[in-house]
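What follows is calculated from the coordinates using simple rules that are stated; it is not laboratory data. Since the structure is predicted, the reported quantities are computational estimates derived from the model, not experimental observations. Neighbour counts are summed over all protein chains in view; Cβ atoms, including those assigned to glycine, are modelled from backbone coordinates with ideal geometry.
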Amino acid sequence: MAVRWDGDQRGLGIGDALELVSGASELVAAFRQPAWVAEQPETHLLPHVEAWCERDHRLALIDAYIDDTDAYVLDCDWRGAAGNVGAARAAVFSLIGSFAESATYVRQRRIAGDAGGSTTKLRFEVGTGELAPDTRFAAHGHVVVINVAGVL
C-alpha cells in the first residue's frame with residue numbers, strides 16, 4: 001500500500017471531487033485564452049505584495065520581475081523556522097490572498113535553487129483571475145510564480 005501520510009492505514013480516499021470539476025475547468029479554459037494575462041503586474045499586484053510583506057514578516061520580498069513567459073515572479077526569503085514547509089505554505093497562501101481574484105489555482109513544487117542544485121526552494125505556481133459572468137470587469141487574470149528560499 002502506498003501511504004499518503006505518516007500513520008495512513010487505508011491507502012485510499014473516501015470519494016471523488018467531481019463537484020469541483022466544472023469550476024476548475026472554467027479557470028483552465030481561461031488559462032488557454034490568448035491575451036487573458038493582464039499587463040503591468042508591477043502596477044496591479046506589487047503594491048498588494050509589498051503591503052502584505054510590511055505587515056507579515058514571515059516572507060521577505062527579494063525581487064519581482066516578469067519572466068519570458070509573462071509570469072510575474074516573486075523571489076522571497078523565508079523568515080520562519082527552517083524545515084517547516086507547512087508554515088511556509090500557510091504564509092504563501094496568505095500572501096496570495098492579498099492579490100487573488102475570484103478564481104485561483106495554486107501548485108506547490110520543489111525546485112533546485114541554483115545552477116549547482118545545492119539549495120532547494122519551494123515554488124508556488126499561481127493562476128488567478130476574474131471569470132465571466134462573475135465579474136463586473138472583462139475576464140482577465142495573472143500568472144504569478146512565488147519562489148521561496150530558506151525553507152528546506
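A few comments on the model shown:
- Calculated translational diffusion coefficient of the chain (10 °C, 1.306 mPa s; Stokes-Einstein with Kirkwood radius over alpha-carbon pairs) equals 93 µm²/s.
- Longest stretch of the chain clear of exposed loop sites (trypsin sites (Lys or Arg not before Pro), DSSP loop, at most 14 other Cβ atoms within 10 Å, sites excluded): 80-135.
- Per-residue Karplus couplings for the stretch 34-42, computed as 6.51 cos²θ - 1.76 cosθ + 1.60 with θ equal to phi - 60°, are listed in order as x, 6, 6, 6, 6, 7, 6, x, 5 Hz, Gly and Pro entered as x.
- Of the chymotrypsin sites (Phe, Trp or Tyr not before Pro) found in the stretch 33-75, not one falls in a DSSP loop while having at most 14 other beta-carbon atoms within 10 Å.
- Residues whose placed amide H lies under 5 Å from that of Ile66, excluding near-sequence neighbours: Val73
- Mean Cα-pair separation over length for the chain, i.e. relative contact order, pairs under 8 Å, 6 or more apart, %: 23 percent
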